[in-house]
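Working notes, beginning with the structure itself.
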Amino acid sequence: MAHEKEILDILEDMLKLEDVYACMLVRKGMQGIMPPAEKFNRNVMSIWNILRMTMDEFFDVIKQFSKYNLGEVNFRLMNYEVMFFILPWSDMALVAIIPALANKGLLEVEMENGRRKIIELMERKDDSP
Amino acid sequence: MTHHKLEKTPGLKVSVAVSREWNGKTVASEIIGKINVKVQKPKFILLFTTIHYKDDFKLILSGIKDAFPDSPLIGGTVAGFMCPEGCFTRGVTAFALDYPNMDVCLGVGRHTKRNPKKAARECADMIKEGLKKNKYETKFLINLISAPLIPELPLVGKVNNVKSNILGMILSYIGMPLVSYLGSGIAKESDILDQLALSLPEFHIIGGSSVDDGRMISNYQFIENEIYTNAIVAIGCATDKEVYQENCAMVHETDKKFKITGTAYNDRIITSIENKPAKEYFFENVLGFSEKLFKNLGAFYYKTSDYFPLTFEENKERILGVGCFFGENILLSHKMGGKHAILCSVRGKEIITNMSTVFNNDEKNYPFILAFSSIIHVFILGKNIFDIKILLDRKLGDTPYLVLQPMIENTRTPPQKPIIRAYSFNALTLK
């Protein structure tokens with residue numbers, strides 16, 4: 001993917017926030033850009049397989065409804081919430097895993113900033129000769 | 001929607017700078033560079049950071065003060081901010097102003113939780129002393145006050161949402177006064193503002209409560225190169241321009257009213273409502289749902305309480321929230337405004353709709369806007385806070401603006417009393 005390094009920087013920036021346990025830009029099957037797993041919170045890694053399977057189910061919904069400009073999807077699993085900030089008209093999403101009682105309002109602002117920067121980078125690719 | 005065409009105010013220059021870098025030195029360098037584009041010799045600088053930078057405050061402050069040694073500086077931690085560059089809940093921002101016909105001085109008062117009136121007097125005395133030779137009529141003060149901190153008791157640690165009635169009573173009557181001596185607990189902003197208004201009767205006031213990311217674990221205030229906790233920091237200004245202030249509240253009253261019949265800690269804790277235990281009455285008769293709906297009271301606090309602030313028949317400008325529960329007692333975010341309480345409600349759409357009512361006067365020219373608007377709006381709106389930015393961009397055009405997001409905000413237009421509340425938007429400019 002173009003601008004992979006810059007997108008990785010955006011994701012690693014988000015990982016510096018205390019309540020962001022994992023962060024990635026992916027589509028179904030976890031295809032996309034993901035920081036190294038050792039940078040993710042260890043508690044999340046212990047249930048990673050369950051999280052992956054659940055996230056994949058949601059990506060089916062995202063793919064089906066992205067043509068209606070589906071914006072965000074959230075779900076709660078055990079003590080975690082998973083936030084999907086979907087890139088417009090696509091089946092890819094900026095995904096963050098956070099603790100269940102985290103302050104989502106504050107995190108949403110930074111997720112939105114991340115999404116906007118990623119979109120800006122991707123559009124830069126489209127404009128280049 | 002009116003678009004304000006700016007007339008340049010001769011000699012008045014403002015810069016709003018943002019850095020999203022992580023390293024303190026790089027942050028300072030970026031902020032300095034951006035300020036310098038428009039304002040080479042600021043009359044004063046306001047500097048705000050989110051809590052993520054607490055290990056780099058010294059680097060950031062010393063960098064900026066080295067670059068602008070003659071520019072008085074105050075600031076502190078906020079949970080977020082909004083400006084033409086965007087909406088952020090992680091970053092550093094500076095507001096730098098230069099205007100030749102302005103005198104400026106700094107004030108600080110310490111131990112605001114232990115003795116709020118004394119802290120306010122100390123701060124006000126510094127401002128009075130600093131401006132005693134000033135020749136300008138109009139005066140205004142920008143302040144930042146340390147917000148509440150979750151109480152921490154010796155041997156017990158941090159206490160929040162206590163179920164036990166016995167421990168709740170101990171905390172209400174002994175614990176809370178004790179922790180204020182140790183620098184935690186309620187912020188007592190209303191005491192501070194009342195004293196400031198008394199000491200500085202001719203001053204317009206605007207400010208807020210310096211907070212972390214809403215966890216209420218730590219907060220910091222800056223004055224020049226120094227870093228404080230538990231302080232009020234302020235900048236007093238005198239100028240030949242007039243001050244213009246706008247403010248609006250973002251909540252609506254419901255028909256749920258109740259009489260507070262018992263209080264503790266100088267009207268900061270509700271112990272009984274309609275002569276019944278406060279928490280039980282509040283849940284069943286006011287909110288209309290059972291506490292058992294929530295797995296724990298922390299869930300109520302995080303998920304629901306932001307949407308149900310309180311106001312008072314006796315003082316409808318006092319809007320506050322439920323802080324936490326001590327047994328059957330309810331700790332409020334600050335001092336109540338009367339005994340006849342009204343449950344309010346707030347919806348995300350309402351916040352945005354109310355914001356569209358500000359800055360609608362065609363006659364106003366805005367050389368800048370400095371505003372304080374509670375971070376609770378971000379808790380409620382999340383990413384939809386960007387809708388407010390779109391509104392402000394449309395109304396203000398290329399006017400530099402900075403909206404800080406503290407815990408609660410304060411404002412005062414003399415000779416009226418100060419207003420201390422959450423869920424509002426308060427702005428100040430010069431004309």
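The values are calculated or read from the model by the stated rules, or taken from the named source; none is laboratory data. What you see is a predicted model, and the numbers here were worked out from it, not measured in a lab. Glycine gets a Cβ as well: all are built from the backbone with ideal geometry, and neighbour counts include every protein chain shown. Ligands, DNA and RNA are stripped out before the accessible areas are found, and what is left, the full protein with its side chains, is counted by its heavy atoms. Shrake-Rupley method; radii C 1.70, N 1.55, O 1.52, S 1.80 Å.
Measuring with a 1.4 Å probe in the full set of protein chains, what accessible area per residue, in whole Å², belongs to the protein assembly as shown?
41
Just how large is the dipole of the protein assembly as shown about the Cα centre, in debye to the nearest 20, putting +1 at every Lys and Arg Cβ and -1 at every Asp and Glu Cβ? Can you show the working numbers first?
Working: 69 positive and 66 negative charges, 157 e Å.
Dipole size: approximately 760 debye.
If Lys and Arg each add +1 and Asp and Glu each add -1, what is the summed charge of the other residues whose beta carbon sits under 9 Å from the beta carbon of B:VAL39?
With Lys, Arg at +1 and Asp, Glu at -1, the neighbours total +3.
Quantify, in whole percent, the carbon and sulfur part of the accessible surface of chain A (1.4 Å probe; protein heavy atoms only).
Numbers: 3250 of 6530 Å².
In chain A, the share of accessible area belonging to carbon and sulfur is 50 percent.
Strictly over 24 Å apart at the Cα level, which of B:LYS25/B:LYS139; B:LYS128/B:LYS339; B:LYS38/B:LYS389; A:LYS104/B:LYS38 would you flag in this model?
B:LYS25/B:LYS139; B:LYS128/B:LYS339; A:LYS104/B:LYS38
If you roll a 1.4 angstrom probe over the protein chains with everything in place, what fraction of the accessible area of chain B belongs to carbon and sulfur, to the nearest %?
Looking at chain B in its full context, I get 50 percent from C and S.
Rounded to the nearest 100 Å², what is the sum over both chains of accessible area buried where A meets B, with a probe of 1.4 Å?
Interface between A and B: roughly 1800 Å².
Expressed as a whole number of Å, what is the distance separating the alpha-carbon centroids of the stretch B:141-179 and the stretch B:374-404?
Between the Cα centre of the stretch B:374-404 and that of the stretch B:141-179, the gap is 32 Å.
For the stretch B:45-141, build the convex hull from the C-alpha positions and give me its volume per residue in Å³.
137
In debye to the nearest 20, how big a dipole does the stretch B:199-352 give about its Cα centre with +1 on each Lys and Arg Cβ and -1 on each Asp and Glu Cβ?
720
For the stretch B:110-199, which GluC sites (Glu not before Pro) are both in a DSSP coil and crowded by at most 11 other Cβ atoms within 10 Å?
Numbers: sites: B:GLU122, B:GLU129, B:GLU137, B:GLU152, B:GLU189; in loops: B:GLU137.
Here the sparse-neighbourhood loop sites are B:GLU137.
Taking the alpha-carbon distance from B:LYS132 and a cut-off under 29 Å, which lysines remain once sequence neighbours fewer than 8 residues away in the same chain are dropped?
B:LYS13, B:LYS41, B:LYS43, B:LYS65, B:LYS113, B:LYS117, B:LYS118, B:LYS188, B:LYS241, B:LYS417, B:LYS431
Sorted from largest down, what three extents in whole angstroms do the Cα atoms of the protein assembly as shown have along their principal axes?
69, 63, 47
How far is it, in nm, from the label point at B:ASP70 to the one at A:ASN49 when both lie 7 Å from their Cα along the line to the Cβ?
6.9
Counting DSSP beta bridges in the protein assembly as shown, what percent are antiparallel, to the nearest 5? Can you show the working numbers first?
Details: 106 of 124 bridges.
Antiparallel bridges: around 85 percent, rounded to the nearest 5.
Show me the three semi-axes of the equivalent ellipsoid for the stretch B:252-293, from the C-alpha gyration tensor (sqrt of 5 times each eigenvalue), largest first, rounded to whole Å.
Values for the stretch B:252-293, descending: 18, 13, 9 Å.
To the nearest 500 deg cm²/dmol, what mean residue ellipticity at 222 nm is calculated for chain B from DSSP H runs of n ≥ 4 alone, each contributing -39,500 (n - 2.57), summed and divided by the residues?
Taken over chain B, the calculation gives -6500 deg cm²/dmol.
How fast does chain B diffuse by Stokes-Einstein, in µm²/s, taking the Kirkwood radius from C-alpha pairs at 25 °C and 0.890 mPa s?
Diffusion coefficient, whole number: 112 µm²/s.
Taking +1 at the Cβ of each Lys and Arg and -1 at the Cβ of each Asp and Glu, which of B:ASN161, B:PHE44, B:LEU149 sits farthest along the dipole of chain B towards its positive end, judged by Cα position relative to the Cα centre?
B:ASN161
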